[in-house]
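Only one structure is covered here, and it is reproduced in the block below.
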Amino acid sequence: MSDTNTNQTKKRILSGIQPSGALTLGNYVGALKNWVDLAATDEYECYFMLADLHTITVRQDPKVFRKNTMDLLALFIASGLDPEKNPIFFQSHVPAHSMLGWVMMCYTYMGELSRMTQYKDKAKKHADNLNAGLFTYPSLMAADILLYQADLVPVGDDQMQHLEITRDLANRFNNANSPTFKVPEAYIPKVGARIMSLQEPTQKMSKSDSNENSYILLLDPIDKTVKKIKRAVTDSGSEVKRGEGKEGIENLMNIYSATTGKTMDEIEAEFDGKGYGDFKSAVAEAVAETIRPIQNKYNDLMSNKDYLVQIYKNGAENANKTAMKTVSKVYRKIGFIQP
Ligand code: TYM
């Protein structure tokens, strides 16, 4: 008998972001913004998670970690997620993640894990702390998704490989036992799936970059963000167009497209005959217009800590109910004695 059909009426979404530092424009455009848009359609039952268990695969200062986590919670809401409609929770508050994470580890092969590009990158960066969690990270991420029987997982394209392993693990478990997990699909946005560094436009924009001019942080002062955009690396030409050797301009076009809703063709037409200076001013203005209301809402929320506590408590309670149903099924199918 198939156990994947719960009494859900709507399709489910699960996604997460690590509170591993300040949120970048890449995280916002590649993930958070799409969560807000998808949730607003009312077609999905959504679960949004702060992936704090994942964050400790890299050593954290506890004080800074706590601050980053609360900041990110406030930013989720400030960006437009409605916690009344869709649970927002900390991964560490829902024990089912650790419980299914272990089971998934026992279904994941070493060879699969060693092919993960995120692992290879992080292993290089954190050679002094090459812990087992960094290696088995994708098993926990698979558990995060499968616990909620998610249909759709909205992420930036750097997470695609993790989504593929999640699908493989779901199929592997279903075949070895009986249908238990929904096999989820990735939702990668058409625009902004990979926002690049402003200084090295062939590299992904990342909060762990040592050059702070390479990324835009949602909570940076607006004038700082404007300066970073004006300093962004372009090329020796002068046309606002996509093409070979124009990665810097194309990246700014992507950012402009994601923040204004204009298509790449419309952007090329808008800036036909105009120079990079005009274009950068327009991008800076569009980004500022996007970020300003989020910052205002964030500031309001941070002065209402009790409300934030209520949000994450309710979120964990709801998430826990859904997630434990899956854990119970899995434990039964594996052959653990029912408690
Ligand atoms: P994380 O925290 O690194 O990134 C969060 C989201 O932001 C996207 N992203 C980007 N999108 C476009 N351009 C960029 N430069 C850029 N940088 C980051 C990421 O693709 C991601 O969607 N493993 C995940 C967290 C996670 C998760 C999950 C996600 C844990 N469990 C379950 C989905 C479902 C991560 O490290 O994302």
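The values are calculated or read from the model by the stated rules, or taken from the named source; none is laboratory data. Keep in mind that this is a model prediction, so the values were computed, not measured. Counting neighbours? That spans all protein chains shown, and the Cβs are built from the backbone with ideal geometry, glycine included. To get the accessible areas, we keep the full protein, side chains included, count just its heavy atoms, and leave off ligands, DNA and RNA. Shrake-Rupley method; radii C 1.70, N 1.55, O 1.52, S 1.80 Å.
Looking only at region 243-269, count every residue that is open to solvent by 40 Å² or more (accessible area, probe 1.4 Å) and under 13 Å from K280 (Cα atoms) and tell me the total. Of the residues in region 243-269, 1 are open to solvent by 40 Å² or more (accessible area, probe 1.4 Å) and under 13 Å from K280 (Cα atoms).
Of everything listed in (1) within 25 Å of P154 (Cβ to Cβ); (2) surrounded by fewer than 18 Cβ atoms within 10 Å (Cβ to Cβ); (3) free of Cβ contacts under 8 Å to residues at least 40 places away in the same chain, the single unmet condition for S214 is (2). When A186, A193 are screened for being within 8 Å of the ligand (Cβ to nearest atom), open to solvent by less than 60 Å² (accessible area, probe 1.4 Å) and either assigned to a loop (DSSP other than H, G, I, E, B) or at pLDDT 95 or above (or both), only A193 passes. Taking the conditions exactly as written (under 20 Å from D306 (Cα atoms) and within 11 Å of the chain's Cα centre (by Cα)), does L32 satisfy them or not? Judged against the criteria, L32 is not a match.
Taking the conditions (1) touching a strand residue (DSSP E or B) at 6+ places or on another chain (Cβ under 9 Å); (2) within 12 Å of the ligand (Cβ to nearest atom); (3) open to solvent by less than 20 Å² (accessible area, probe 1.4 Å) in turn, K207 satisfies each one other than (3).
The residues listed here are V240, V283, V287; of these, the one that is open to solvent by less than 40 Å² (accessible area, probe 1.4 Å), outside the structural domain of K33 (by TED's automatic domain parsing), in a loop (DSSP other than H, G, I, E, B) and among the aliphatic types (A, V, I, L, M) is V240. Within region 63-84, residues that are within 17 Å of T24 (Cβ to Cβ) sit with their Cβ atoms under 6 Å from residues that are open to solvent by less than 40 Å² (accessible area, probe 1.4 Å) and among the charged types (D, E, K, R), at 6+ positions apart or across chains, in these pairs: T69/D52. Just so you know, in region 99-140 the residues that are touching a residue at least 60 places away in the same chain (Cβ under 8 Å) and basic (K, R) include one that is nearest to the ligand (Cβ to nearest atom), and it is K122.
Screening region 290-305 for residues that are under 14 Å from P83 (Cβ atoms) and in a helix (DSSP H, G or I) and picking the one that is least open to solvent (accessible area, probe 1.4 Å) gives L301. Residue-level analysis places N171 outside the set of residues that are modelled with pLDDT under 95 and more than 19 Å from the chain's Cα centre (by Cα). S236: modelled with pLDDT under 95 and more than 9 Å from the ligand (Cβ to nearest atom), yes or no? Yes: the conditions hold for S236. Of the residues in region 189-201, none is without any contact (Cβ under 8 Å) to a residue 60 or more places away in the chain, more than 14 Å from I255 (Cα to Cα) and of a type in the set (S, T, Y).
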